[in-house]
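The values are calculated or read from the model by the stated rules, or taken from the named source; none is laboratory data. Since the model is a prediction, treat every value here as computed from it, not as a measurement. Cβ coordinates were reconstructed from backbone atoms using ideal geometry, including for glycine residues, and neighbour counts include every protein chain displayed.
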Amino acid sequence: MTRIVGYIAASLDGFIATPDDGLDWLFAYDGMDLGEHDYGNFIKGIRTVVMGRATYDFLAGEDTPWPYGEQRTLVVTSRPIPEPMGPLEVRDDVDALIAELRGLDDGDVWMVGGGQLQMAFMERGALDEIEIYVIPELIGGGKPLFPATGLRASPRLLSAKALDRGCVRLHYSLQSPTAA
């Protein structure tokens, strides 16, 4: 059965990017030893990546090759993408997308990037697990890991592990949300 998962880094004060979408605080940890939890190991089990438009625009603006050539890529947006980077498909209905993803059986689905789309999936009970890599940096503000939506949930901790350079991996299973 396909799992829909999150794999994301956050600052110790709960942000995934600075107010101007900066990731310099995170890039300072490139090369960190995550052992068996390394991104290279994680991505091997992913068949489909799903991202919102802001994440897509961020990746498309980078001066690097498209990173998801081996995966089916779905971008959730209501705006057309005139010259897409790499092969991708566009979806604009989150509920229909979740039903589509639940029908897959060829590997796991990764919710890439920001918190808004990830939160939309959490609100619908459609994010099965999340791995959060807490980076020991206080960045003082920015894009929150979990945007405030009124969602209440009680994730079940599967594991917690201290890694290289003070990073901590938290792995949770998510249960059905309770509206606030």
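Some points to look at:
- Test for residue 157: is it outside any strand (DSSP E or B), surrounded by fewer than 13 Cβ atoms within 10 Å (Cβ to Cβ), hydrophobic (A, V, I, L, M, F, W, C) and at pLDDT 95 or above: no
- Residue in the range 32-49 that is small (Gly, Ala, Ser) and free of Cβ contacts under 8 Å to residues at least 60 places away in the same chain present: yes
- Cross-chain or 6+ apart pairs with Cβ under 7 Å, the range 141-167 first and at positive phi, then surrounded by 13 or more Cβ atoms within 10 Å (Cβ to Cβ) and aromatic (Phe, Trp, Tyr): 141/15; 142/15; 165/29
- Residue count for the range 18-32, restricted to those that are of a type outside the set (A, V, I, L, M, F, W, C), surrounded by 15 or more Cβ atoms within 10 Å (Cβ to Cβ) and at pLDDT 95 or above: 2
- Qualifying positions in the range 77-118 - touching a Phe, Trp or Tyr at 6+ places or on another chain (Cβ under 9 Å), among the β-branched types (Val, Ile, Thr) and under 25 Å from residue 131 (Cα atoms): 77, 94, 98, 112
- Residues that are in a loop (DSSP other than H, G, I, E, B), of a type in the set (A, V, I, L, M) and crowded, with 18+ Cβ neighbours inside 10 Å within the range 124-152 comprise 126, 127, 139, 145, listed in sequence order.
- The range 70-104, subset part of a loop (DSSP other than H, G, I, E, B) and aliphatic (A, V, I, L, M), residue nearest to residue 124 (Cα to Cα): 104
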